[in-house]
Structure formats: structure tokens, C-alpha cells
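K.L.:
Here it is, the structure in full.
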Amino acid sequence: DLVHYFNIVRLTRLLSLLARTRRFRFLCECIASMALGAVPIVVLLFGVTYAFSALGVALFGGEIHEGKAELEGTAYEDADYFILNFNDIAVGFLPFSAMLVSGGPVPEVIEGFAAVTSDALSGLFFAASYSVGNLVLFNVFAAFIIDAFINQQEKHAKQGGDAPKVDDADAAQDIGAA
């Protein structure tokens, strides 16, 4: 148990050394700036996902569950994706999270919903949610992060400090000076 405390002390020492480096301070300032500025975009992304989740509950609520005859033999059933449904609004966030993580619509989910409703309705619903949620809003979020980093870099340069360089020689010099 005493070793754990020594590890904590070593980690604290490492963090204090890192705090002396320009690049680490710059990185911490960037993360703090981005976190504070990203709140409106994250709230907008959450609101749009909530709206699509509510629409999904209205369109597909109660249609997807284990033992449903229309789902037998589908890739949705084979993948055991029964948790990805719109039986309530909270669970309705899961299909959109899966789309965000996988980088696109999950074909098994679309096939499962098409099996219990119409192909056109499920395809249109998931295409619209992917277009608005993933393609537009997530790219706006990514653009904001890049813009915030560039602004932080310019602010750092105006305050008299050079913007941190990305080469290993500077990193070794910063750590050696600490």
C-alpha cells in the first residue's frame, strides 16, 4: 500500500515538471479555452439529438423488441442490437451514439427498423439524423475546436511568447531546463 503513495508523489512531481514546460502550459490553456467555448455547440448537438430521439419514439416506439417476428433472420437480430431502439427517449440516444462512434449509419439498425416499419421511413429518418447530427453539427464542433486552437496560438504569440513548436528538440530543451 505504501508503494501507491510513492507513485502518487512521483506523479505529482512529474506534473509539476510538466507545468514548467511551454508546450504543456499551452496545451492546458487550449483545453480550458476549448472546453469553455464549446458549451453552446455541445448543447446544440444534444438538443438536435434529443429532437431526433423524440421523433424516433413517435415513429418507432415499441416496435423493436426481442421475439418480434419481423426481426427474425435479420442482421439486427444476429448482431443482438436490441438495445438500439426508440422505446423511450433516453434509450433513443443509443442509435445516434452508435452512428457517431462508428462514423456513419449502422446498416444493421436501419435494416431492423425497416423490417418492422417501411424501408422508406427508416431510411429517411436515419439519413436525416446522420446528415444533421453527424455531418453538419459534428463538423461544426470540429471546426470550432480547430478555430479555438488557432486563436489560443495567436493569443500566446501576442503575449510575447512564441507559439510552441512541434519538434522534439524543443521538448527535450524544455524538460532539461525544468
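The values are calculated or read from the model by the stated rules, or taken from the named source; none is laboratory data. Not measured: the values here are computed from a predicted model. Every residue, glycine among them, receives a Cβ derived from its backbone with ideal geometry; neighbour counts consider all protein chains shown. Surface accessibility is based on the protein's heavy atoms, side chains included, excluding ligands, DNA and RNA. Shrake-Rupley method; radii C 1.70, N 1.55, O 1.52, S 1.80 Å.
K.L.:
Indicate the gyration tensor shape class of region 1-73 (rounded, prolate or oblate), computed on the Cα atoms with a ≥ b ≥ c the square roots of the eigenvalues: a/c under 1.5 is rounded; otherwise a/b larger than b/c is prolate and the rest oblate. Intermediate results must be reported in sequence, preceding the final value.
P.N.:
Numbers: a/c = 5.25, a/b = 2.01, b/c = 2.61.
In terms of gyration-tensor shape, oblate.
K.L.:
In what order, largest first, do LYS68, LYS155 sit by accessible area if the probe radius is 1.4 Å? It would help to have the intermediate numbers written out before the result.
P.N.:
Values: LYS68 40, LYS155 105 Å².
Listed by decreasing accessible area, they come as LYS155, LYS68.
K.L.:
If r is the Cβ-Cβ distance from LEU14 to VAL43 and R0 is 41 Å, what FRET efficiency results, to the nearest 0.05? Don't jump to the answer; show the numbers that get you there.
P.N.:
Values: r = 35 Å, r/R0 = 0.86.
Plugging the Cβ-Cβ distance into 1/(1 + (r/R0)^6) gives 0.70.
K.L.:
For an R0 of 35 angstrom, estimate the FRET efficiency from the Cβ-Cβ distance between LEU100 and ARG25 and round to the nearest 0.05. List each step's numbers first, then the result.
P.N.:
On the way: r = 32 Å, r/R0 = 0.90.
Calculated value: 0.65.
K.L.:
Roughly how many Å² is the accessible area per residue of the chain, as a whole number, for a 1.4 Å probe? Mind showing how you got there, number by number?
P.N.:
Working: 10860 Å² over 178 residues.
On a per-residue basis, the chain sits at 61 Å².
K.L.:
Kirkwood hydrodynamic radius, computed over distinct alpha-carbon pairs, for region 28-112: how many Å, to one decimal?
P.N.:
Roughly 14.3 Å, rounded to one decimal.
K.L.:
Something else: How large is the charge dipole for the chain, taken about the Cα centre, if only the Cβ atoms of Lys, Arg (+1) and Asp, Glu (-1) carry charge, to the nearest 20 debye? Display every interim value, and only then the final one.
P.N.:
Numbers: 10 positive and 20 negative charges, 282 e Å.
Charge dipole, the chain, about its Cα centre: 1360 debye, nearest 20.
K.L.:
Per-residue accessible area for TYR81 at 1.4 Å probe radius, Å² rounded to 10?
P.N.:
70 Å²
K.L.:
Oh, and also: Please build a GNM for the chain, connecting alpha carbons under 10 Å apart, and tell me which residue among ALA79, ALA143, ALA38 fluctuates the most.
P.N.:
ALA79
K.L.:
Using protein chains only and a probe of 1.4 angstrom, how many square angstrom of ILE89 are accessible, to the nearest 10?
P.N.:
The accessible area comes out at roughly 50 Å².
K.L.:
OK, next. Using the alpha-carbon centroid of each, what span in Å lies between region 99-125 and region 42-76?
P.N.:
9 Å
K.L.:
Could you tell me which label, among (i) 17.6; (ii) 18.4; (iii) 20.0, carries the value of Kirkwood radius over Cα pairs in Å calculated for this structure?
P.N.:
(iii)
K.L.:
Still on this structure, I have one more. With labels modelled as points extended 7 Å from the Cα through the Cβ direction, what inter-label distance (nm, one decimal) is found for SER131 paired with THR117?
P.N.:
That separation, rounded to one decimal, is 1.6 nm.
K.L.:
On the protein heavy atoms, probe 1.4 angstrom, tell me the percent of accessible surface of region 68-119 carried by carbon and sulfur.
P.N.:
Carbon and sulfur together cover 56 percent of it.
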